Amino acid sequence: MKYIQNYIGGELMAPKSGEYLDNIDPSRGIVYSYIPDSTKEDIDLAVEAAENAFPKWATTPKDERSAIMIKIANLIEERMDEFVAAESLDNGKPESLAAHVDIPRAVSNLKFFATAILHFASESHYMENGAHPGINYTTRKPIGVVGCISPWNLPLYLFTWKIAPAIAAGNCVIAKPSEITPMTAYLLSEVCIAAGLPAGVLNIVHGLGQKVGDAMTRDPKVKAISFTGGTQTGETIAKIAAPMFKKLSLELGGKNPNIIFADCDFKKMLSTTLRSSFANQGQICLCGSRIFVERPIYEKFRDAFVERVSKTKVSYPTDPEAKLGALVSKPHMEKVLSYVELAKEEGGTVLTGGIQVHLEGEYSEGYYMRPTVIEGLAYDCRTNQEEIFGPVVTITPFDTEAEALMMANSTVYGLAATVWTENLTLAHRFADQLHSGIVWVNSWLVRDLRTPFGGVKNSGVGREGGFEALRFFTEPKNVYIQL
Ligand code: TXE
């Protein structure tokens, strides 16, 4: 069985502890490889390597940095099938999803930031009047050693979404993938070596959040942390990092509303809502888990949706017909199933799903669950307020725009929202009033990598994407010259 290695100072190496953790294949419920159980010692080594690499990398011309990143992207593309299979095996998601979304998007992230850095400009402000005529110009320099911590739901996609802008901007990185899905980050380290990325520019340290993530967060030499994961973990990181005045970008949970008005394009809405509810087994922070439907079409929607959901195929990840694969881990599946029980206690009716699925043969111990639709819950009950992060949605009717808005905005989260209507004025008005970092009208998860990505309220602090990310990973300095 494969022993994953850390990537530190340009080399693949075992953790200093010599200890490894089990890496489980969620589609079968068995251990299939081992992950370094790294400690502070490995982080110390990585930080030293990053510090040593920084002066040279920070002054390497942009186009050279860009060329190496393009090479990394191309090498991933050359090994596409291997990356796709690895992502799907590690995470449980259908291979078709990894092939269409995860790995191509990781390649796009690298190419996007490799080229974005070539167009990244800083500002100049001319003061023509008053007592101090002069020019301000702002430089933007890399920060130094930065940390990137990513979750398990979109493993390589989110890992590269952080690493790419960091290294494009000239920083050196300590990166920690989720211990639940480390495999494609390991393959990435092989690719970085093959592409000739200078030693120490990217260091990938595997292991537990409480050990490796914590050590990285506490290290005063790590000047910025970019984190995606649970809101509670984000809070823990902020508490440690804030007194050291580290720059922080936190992309946290969501409880996204999907608001469906009666005049919508029903057919398009229905098929998109299936995806926005259950793509990646509902384990995307952008999934719409609270569906609000205008009363005149509530029953029509409910019946059509439940029929489609009940026919959705849950299967092993390599089944080309699979629409949902396995959930990422046993504890996570149990957590999601416990929310179904909570929903029942809170007075909800499970219209379809709500149960674990046992597939045949070698997949019988995998972590599968039927996509679940629940109705009859109050908008402010726990099921409708807490992030479940699985294939569970609730449906709720509404009578007025004001009521829909009140319910949509009622959670502590504010990441993404979807609005379905053919009424242009209503769409603008509603989008404007939603407490949300991202709004999709008549669509879902359409991503332009130039746009700011992130949430309000407990969904996070800061924005990723485009020049926002390059600004995060650089330190501005303003110089004023009197004329
Ligand atoms: O996330 P964690 P988990 C939500 C979702 C899920 C819950 C927990 O609701 O059920 O979070 O998931 C590292 N210091 N989301 O347990 O623990 C950890 O090793 C530093 C939403 O996977 O937040 C991993 O690399 N790092 C989300 C990363 O943080 C620490 C996606 C995320 O793990 C750490 C995933 C610590 N003390 C889950 N503890 C989204 N918004 O996309 C853990 N980590």
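The values are calculated or read from the model by the stated rules, or taken from the named source; none is laboratory data. Remember, it's a predicted structure, so these values are computed and weren't measured experimentally. Cβ sites come from the backbone with ideal geometry, for glycine too, and all protein chains shown count toward neighbours.
A few remarks follow.
- Residues that are in a strand (DSSP E or B) and touching a Phe, Trp or Tyr at 6+ places or on another chain (Cβ under 8 Å) within segment 414-438 comprise 416, 417, 418, 419, 420, 438, listed in sequence order.
- When restricted to residues that are in a helix (DSSP H, G or I), under 13 Å from residue 373 (Cβ atoms) and within 16 Å of the ligand (Cβ to nearest atom), segment 279-316 contains 1.
- Meets criteria (near the ligand (Cβ under 10 Å from one of its atoms), under 19 Å from the mean Cα position of the chain (by Cα) and not assigned by TED's automatic domain parsing to the domain that holds residue 437) for residue 225: yes
- Complete set of residues in segment 418-446 that are surrounded by fewer than 17 Cβ atoms within 10 Å (Cβ to Cβ) and touching a Lys or Arg at 6+ places or on another chain (Cβ under 8 Å): 442
- Of the residues 362, 341, 403, the single one that is under 25 Å from residue 155 (Cα atoms) and either of a type in the set (Asp, Glu) or part of a strand (DSSP E or B) (or both) is 362.
- Condition check for residue 403: acidic (Asp, Glu), in contact with a Cys (Cβ under 9 Å, 6 or more places away or on another chain), outside the structural domain of residue 157 (by TED's automatic domain parsing) and closer than 18 Å to residue 263 by Cβ: no
- Output for segment 54-113, where each listed residue is surrounded by 19 or more Cβ atoms within 10 Å (Cβ to Cβ), in contact with a strand residue (DSSP E or B) (Cβ under 8 Å, 6 or more places away or on another chain) and assigned to a helix (DSSP H, G or I): 54, 57, 89, 90
- Pairs where the first residue, in segment 386-398, is touching a residue at least 40 places away in the same chain (Cβ under 8 Å) and the second is among the aliphatic types (A, V, I, L, M) and more than 15 Å from the ligand (Cβ to nearest atom), C-beta under 6 Å, 6+ apart: 393/291; 393/373; 394/374; 394/377; 395/291; 397/293; 398/404
- Among the conditions (1) over 25 Å from residue 153 (Cβ atoms); (2) within 16 Å of the ligand (Cβ to nearest atom), the only one that residue 387 does not satisfy is (1).
- Qualifying position, being of a type outside the set (Gly, Ala, Ser) and surrounded by fewer than 23 Cβ atoms within 10 Å (Cβ to Cβ), among 198, 177, 155, 165: 198
- Every residue from segment 219-230 that is more than 18 Å from residue 49 (Cβ to Cβ) and surrounded by fewer than 19 Cβ atoms within 10 Å (Cβ to Cβ): 230
- Flag if residue 119 is closer than 30 Å to residue 275 by Cα and without any contact (Cβ under 8 Å) to a residue 24 or more places away in the chain: no
- Residue identified as closer than 25 Å to residue 28 by Cβ and in the same structural domain as residue 264 (by TED's automatic domain parsing) among 338, 310: 338
- From the list 161, 152, the one residue that fits, being in a loop (DSSP other than H, G, I, E, B), within 30 Å of residue 30 (Cα to Cα) and touching a residue at least 24 places away in the same chain (Cβ under 8 Å), is 152.
- Subset of segment 373-385 [touching a Lys or Arg at 6+ places or on another chain (Cβ under 9 Å) and surrounded by fewer than 16 Cβ atoms within 10 Å (Cβ to Cβ)]: 385
- Scanning segment 195-221 for residues that are under 22 Å from residue 471 (Cα atoms) and either free of Cβ contacts under 8 Å to residues at least 40 places away in the same chain or within 11 Å of the ligand (Cβ to nearest atom) (or both) returns 216, 217, 220.
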